[in-house]
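A.B. asks: Pasting a structure below so you can have a look.
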Amino acid sequence: MVCAQVETSPRRCWQKVLYERQPFPDNYVDQRFLEELRKNIHARQYQYWNVVFESGVVVQQLCSVCVFVVTWWYMDAGVLSPQGLFGAALLTSLLGYVLFDAVDAGVGRQESGRTRWADLKSTLVFTAFTYGFSPVLKTLTESISTDTIYAMSAFMLLGHLIFFDYGANAAIVSSTLSLNMAIFASVCLASRLPRSLHAFVMVTFAMQIFALWPMLQKKLKARTPYCYVGVTALFALVALVGLASVSSVGAVLFASLLLSISCLCPYCLIRLQQLKDNIHGPWDEAEIKEDLSRFLM
């Protein structure tokens, strides 16, 4: 045991206790103090391609917003008819519905106990209510200027991206808030379309791309990672092609953003992780690891 020599007292060993008076200053520590030093004991080691794979969720959500805005622009310009969009959305929804059950061979449906009849009823109720209230949605924001509508929609879509559940365990994550902000943006933009049929199709398409599409992607990611990567790349390509038909500069900037998120940001994370230097030792605050929930009842 390492001991400390004090002139005014006999040789005595220092002990890290508070209940005993010792002939040492209050801030005294011996040579063993740094023996318990530990660095980066909770640091996570990331692999580059694993981080790239996880960034696909962010890429997909950005592409979803891009596809939605480009689709709205096509309808507003008269390039895309509401009948054509509704037919395409219906076809892709049926394909996605079949694929959703085929990925896990119906295991998820059996565990949830939800029947196909219940899914059909929910779809019919939502479609009927949306179609019935589409004239109201069309005239809901007539008293609001178009510039304000565009600003509100951009703010809501940005909030949708911020609060979306990307798989991180954080307090800011709120799937309900994220979906509500996306639907609110779709209602605002749909109110600027020519007819109530356009508003109905636009809101229906928003539900498909912001509510149903992420559910399918989440299951593909968990069950078939290679298929998930292929679908993500194809979806990003569709979004870029659609945006390029509207603005070539916007397509270049959006492609740069996707490449930065999927390739550059993971590289920066790996490099910065090597510079991480968190120290732990006896000076850390005590942590209570025992479950104290029984005392709160």
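A.B. asks: In nm, to one decimal, how far is the modelled label at residue 280 from the one at residue 140, with both set 7 Å along Cα→Cβ?
C.D. replies: Spacing of the two 7 Å Cα→Cβ label points: 5.0 nm.
A.B. asks: Also, quick follow-up: Roughly how many whole Å is it from the C-alpha centroid of segment 132-154 to that of segment 85-127?
C.D. replies: With segment 132-154 and segment 85-127 each reduced to a Cα centre, they are spaced 30 Å.
A.B. asks: Calculate, in whole percent, how much of the Cα-Cα pair population of segment 1-130 lies beyond 26 Å.
C.D. replies: Every Cα pair in segment 1-130 considered, those over 26 Å come to 64 percent.
A.B. asks: What spacing in nm lies between the two simple spin-label points modelled at residue 48 and residue 120, each 7 Å away from Cα in the Cβ direction?
C.D. replies: Taking the two extended label points, one gets 5.2 nm.
A.B. asks: Further question on the same structure: Hey, what's the per residue convex hull volume over the C-alpha atoms of segment 140-267, in cubic angstrom?
C.D. replies: For segment 140-267, the hull spanned by Cα atoms encloses 139 Å³ per residue.
A.B. asks: If packing is taken as the average number of other Cβ atoms within 10 Å across a peptide's residues, how do 145-153, 32-40, 235-243 rank, most packed first?
C.D. replies: The peptides rank, most packed first, as 235-243, 145-153, 32-40.
A.B. asks: For the chain, what does -39500 (n - 2.57) per DSSP helix run (n ≥ 4), summed and divided by total residues, give at 222 nm, in deg cm²/dmol to the nearest 500?
C.D. replies: Mean residue ellipticity, 222 nm, calculated: -20000 deg cm²/dmol.
A.B. asks: Below 8 Å between Cα atoms, with a sequence gap of 6+, how large is the relative contact order for segment 48-274 in percent?
C.D. replies: Computed value for segment 48-274: 33 percent relative contact order.
A.B. asks: Computed over the Cα atoms of segment 48-204, what is the ratio Rg over Rh, Rh following Kirkwood?
C.D. replies: 1.00
A.B. asks: Moving on to the next point. What is the sum of charges around residue 199, taking Lys and Arg as +1, Asp and Glu as -1, for the other residues whose C-beta is under 14 Å from the C-beta of residue 199?
C.D. replies: +1
A.B. asks: Okay, moving on. Could you tally the net charge around residue 104, taking each other residue with its Cβ under 11 Å from the Cβ of residue 104, Lys/Arg +1 and Asp/Glu -1?
C.D. replies: +1
A.B. asks: Also: Quick check: residue separation of residue 212 and residue 99 times 0.36 nm, minus the Cα distance between them. What number comes out in nm?
C.D. replies: Between residue 212 and residue 99, full extension yields an extra 39.5 nm.
A.B. asks: Once you have a ≥ b ≥ c as the square roots of the Cα gyration tensor eigenvalues for segment 106-162, tell me rounded if a/c is under 1.5, and otherwise prolate or oblate according to whether a/b is larger than b/c.
C.D. replies: Oblate, since a/c reaches 1.5 and b/c is not below a/b.
A.B. asks: How long is the gain from residue 21 to residue 237 if the chain were fully straight, where each residue apart is worth 0.36 nm and the alpha carbon distance is subtracted?
C.D. replies: Net length gain for the segment: 70.5 nm.
A.B. asks: Per-residue HN-Hα couplings for segment 153-165, Karplus 6.51 cos²θ - 1.76 cosθ + 1.60 at θ = phi - 60°, whole Hz, x for Gly and Pro?
C.D. replies: Once rounded to whole Hz, the list reads 5, 5, 5, 5, 5, 5, x, 4, 5, 6, 8, 5, 7.
A.B. asks: Ignoring solvent entirely, what values of log10 I(q)/I(0) come out of the Debye formula for the chain at 0.08, 0.14, 0.15 Å⁻¹ when each Cα is a single scatterer?
C.D. replies: Treating every Cα as an identical point scatterer, log10 I(q)/I(0) equals -0.54, -1.15, -1.27.
No value in this document is a laboratory result; all are computed from the given coordinates. Since we're looking at a predicted model, the values are computed, not measured. Note: ideal-geometry Cβ built from the backbone for every residue, glycine included; neighbour counts use all protein chains shown.
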